[in-house]
Amino acid sequence: MKNKNQENSAETVAVSPEFPENLPQKKFPWSVFNALVIISIFMGGCVLFISASNLTFPMIITDFVLNVFLVLFYHIWLKNGTFRKTVIALRFTAILTAVITLAIPLSLINFKYCKSMYQVKKFIYCHGVYNGYMDEYLPESLPEVCEDYKFITQGSFVAQDYHPSAYLIFHTDTANMRMLEKYYKSLKDAELVEIDDVTDIEEYKQEYGYNYMEYMPKYPKQFPGHVYSRLDDKHIDDFFDAVIYEIPSYYNKGCIFDYSSGLVVYWT
């Protein structure tokens, strides 16, 4: 009789959902890991996160909330073995959110020669750095003919009189250039700029302080110097058949269509 009761008791323990084997095995300090994830988000890249704050701050808040729930459910799991799948799901989502949060600013400041990243960089710049209103000043998509591509996007930064700009540069054919020009000149406040002459070396030296004669920038006076400086050697031309549009503001936006070389440049 005693042996039979012992066997029944052993069977009951084996099938009980509260048996210790259902509890998490303390082989890795997950609570420490979870804390490190939170610290890495807030301490690891504050400057990067500021660069596209309209996207990164909501992601940081989301990740913080996920980690709070993760800690709560983890302790419940540690106590009675329930919510195991919930803990795994929360941990995976929190890590994924942290990775995306870090990828946003890194994508913004990198991949300037990667055409496949154009839409991603444009979205982060227009909606992460700004609130979407920069969308109309950059092409919705790249033309089919798009060579010598370069797309520089700058992020926000805590500094006085700092303006995060974007520079889109590429060569295309005449048909695509005319389509792009037709759209840009239809924008509100877009003005066709009359080209007077190329820059004069003496004026350039007085304005920028260069004292050597070997460097003579040959570009229209109305073509901003900060834009010209972003061109690679393969983009440099005489711009003798160029059309320039400008949208006047404190920080001017504009574009140039050079029909002699096929060069297209946007700046914001």
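The values are calculated or read from the model by the stated rules, or taken from the named source; none is laboratory data. As the structure is a computational prediction, the values presented were derived from the model and not from experiment. Here the Cβ positions follow ideal geometry from the backbone for every residue, glycine too, while neighbour counts run over all protein chains shown. Note: accessible area is taken over every heavy atom of the protein model, side chains too, but ligands, DNA and RNA are not part of it. Shrake-Rupley method; radii C 1.70, N 1.55, O 1.52, S 1.80 Å.
Candidates 112, 79: the one that is in contact with a strand residue (DSSP E or B) (Cβ under 6 Å, 6 or more places away or on another chain) and not hydrophobic (A, V, I, L, M, F, W, C) is 112.
Just name the residue that is farthest from the chain's Cα centre (by Cα) out of those in the range 80-92 that are open to solvent by 50 Å² or more (accessible area, probe 1.4 Å) and in contact (Cβ under 8 Å) with a residue 24 or more places away in the chain. Here the residue is 80.
Note on the range 240-268: residues that are in a loop (DSSP other than H, G, I, E, B) and either closer than 11 Å to residue 167 by Cβ or open to solvent by 10 Å² or more (accessible area, probe 1.4 Å) (or both) amount to 11.
Among all residues of the range 186-200, there is at least one that is out of contact with any strand residue (DSSP E or B) (no Cβ under 8 Å at 6 or more places or on another chain), among the acidic types (Asp, Glu), farther than 23 Å from residue 125 by Cβ and modelled with pLDDT under 90.
Restricting the range 106-117 to residues that are over 19 Å from residue 54 (Cα atoms) and assigned to a helix (DSSP H, G or I) leaves a set whose member that is least open to solvent (accessible area, probe 1.4 Å) is 117. Counting only residues that are open to solvent by 100 Å² or more (accessible area, probe 1.4 Å) and in a loop (DSSP other than H, G, I, E, B), how many does the range 131-163 have? Number satisfying all stated conditions: 8.
Going through (1) modelled with pLDDT of 90 or more; (2) part of a helix (DSSP H, G or I); (3) out of contact with any strand residue (DSSP E or B) (no Cβ under 7 Å at 6 or more places or on another chain) one by one, residue 102 falls short only on (1).
Answer with yes or no whether residue 183 is open to solvent by 50 Å² or more (accessible area, probe 1.4 Å), within 22 Å of residue 152 (Cβ to Cβ) and at pLDDT 90 or above. It is true that residue 183 is open to solvent by 50 Å² or more (accessible area, probe 1.4 Å), within 22 Å of residue 152 (Cβ to Cβ) and at pLDDT 90 or above. Restricting 73, 42 to residues that are surrounded by 12 or more Cβ atoms within 10 Å (Cβ to Cβ), in a helix (DSSP H, G or I), modelled with pLDDT of 65 or more and not polar (S, T, N, Q) narrows the list to 73. Here residue 253 qualifies as modelled with pLDDT of 85 or more and closer than 24 Å to residue 113 by Cβ.
Residue-wise test of (1) more than 25 Å from residue 236 (Cβ to Cβ); (2) of a type in the set (S, T, N, Q); (3) free of Cβ contacts under 8 Å to residues at least 12 places away in the same chain.
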site: 104; (1), (2), (3): yes, no, no
site: 112; (1), (2), (3): no, no, no
site: 145; (1), (2), (3): no, no, no
site: 148; (1), (2), (3): no, no, no
site: 153; (1), (2), (3): no, yes, no
site: 168; (1), (2), (3): no, no, no
